[in-house]
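Derivation of every value follows stated rules applied to the coordinates shown; laboratory data play no part. Small disclaimer: the values here were computed from a predicted structure and weren't measured. Every residue, glycine as well, gets a Cβ built from its backbone with ideal geometry; the counts of neighbours run over all protein chains shown.
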Amino acid sequence: MKTLPISRYRFFQKIQPLSLLKKITSKSATGCLQVFSAAGAWSIYIDEGKLIYACYSEKMFEPLYRNLQRLSQQISTLPIGIHEQLRTIFETGIESQAIPNPDYLAICWLVNQKYISPLQAAILIEQLALEVLESFLKLEEGCYEFIPDSFLDDLPKFCHLNLGVLVEQCQTGSKVKNEQYSHFWQQSQSKTTTNEKYSKPKVSQVTENNYQQVSSQATDKKPYTIFSIVDSPIVLNTINSYLDDKIFAAIGVTDSFKALTEILCIKPDLILLDVAMPKLNGYEVCSLLRKHTYFRRTPVILMTGKAGLMDRAKAKMVRASGYLPKSFTQGDLLKTIFQHIV
């Protein structure tokens, strides 16, 4: 996709939100429209002119928790206190992690955990988008830029929404009532085959073909394999205890030489690598892995007790994917993993 002729304005100038949205949809753009103002920042993710997600920086998790709390009364697989679990995993300490859109990661996690279906995730995203667009359309001053590449590129896409229809709903104030959504959520929860009929709310742009695609991605995918090369058996046991065996196949090795032979057979989805290893340290192992054709793109996360300038320079030289502190919590571990493989 060619970069659109949208450049960042000087802080701050008059902007026309509706004009910006028309521009990216008319050109079937793919990427992220970022708009900044004194009140906050809006991120609107587009795939070939269709909206796939939208969020507002000042209220990233609040709308998600509010909708999930209402839906927990209607969906048997969604625990009533799910927002507390999401807060622990995705929200706590998020500033230091610098992970963009942890709210979208949280939705992906809900689907992977089978708390909600891909179709239900699509409707949830649609509800959130309506709230974001309502505030965005009222914006008068700010600056903006369009980024062709976005954080969502490698993540599952649960819907492709008609942005024009959503804007019209926001402008006319004729959003679908909660009762209609409740009925739809209950029907989608009991859905067993893709041939069954279901009632769509007027605003919904989720198609049957889209449901089939994302549903098969979520249900047919095998567990992610996490290969840990760590000198300490205690740390390996901790990693294994933190990972849900329904989603992850955790394999641990304490000998770096032995790990190099086993990893070729296993071909994991992500590698956790202790920097302070005897025989071969983490930097040396990572360098060897990157020389192998298969592991050039496999995420390799270095585990270290320090991450100074020299350490980061070494990590960059061996093309490590990221860092995980040795004093990690379950939330730290899951956030790092979801950032690289979801």
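Count charges around Pro17 for me, please; just the other residues with Cβ under 13 Å from its Cβ, Lys/Arg as +1, Asp/Glu as -1.
Net charge around Pro17: +1.
Mind ordering 128-136, 263-271 by average Cβ neighbours within 10 Å, highest first?
128-136, 263-271
Using the C-alpha atoms of segment 224-341, what convex hull volume per residue, in cubic angstrom, is computed?
93 Å³
Taking 22 Å as the cut-off for C-alpha to C-alpha distance, list the pairs among Lys114/Lys157; Lys114/Lys335; Lys59/Lys114; Lys14/Lys157; Lys27/Lys50; Lys157/Lys291 that go past it. Could the numbers behind the result be given before it?
Details: Lys114/Lys157 16 Å; Lys114/Lys335 18 Å; Lys59/Lys114 25 Å; Lys14/Lys157 33 Å; Lys27/Lys50 11 Å; Lys157/Lys291 32 Å.
Flagged as over cut-off: Lys59/Lys114; Lys14/Lys157; Lys157/Lys291.
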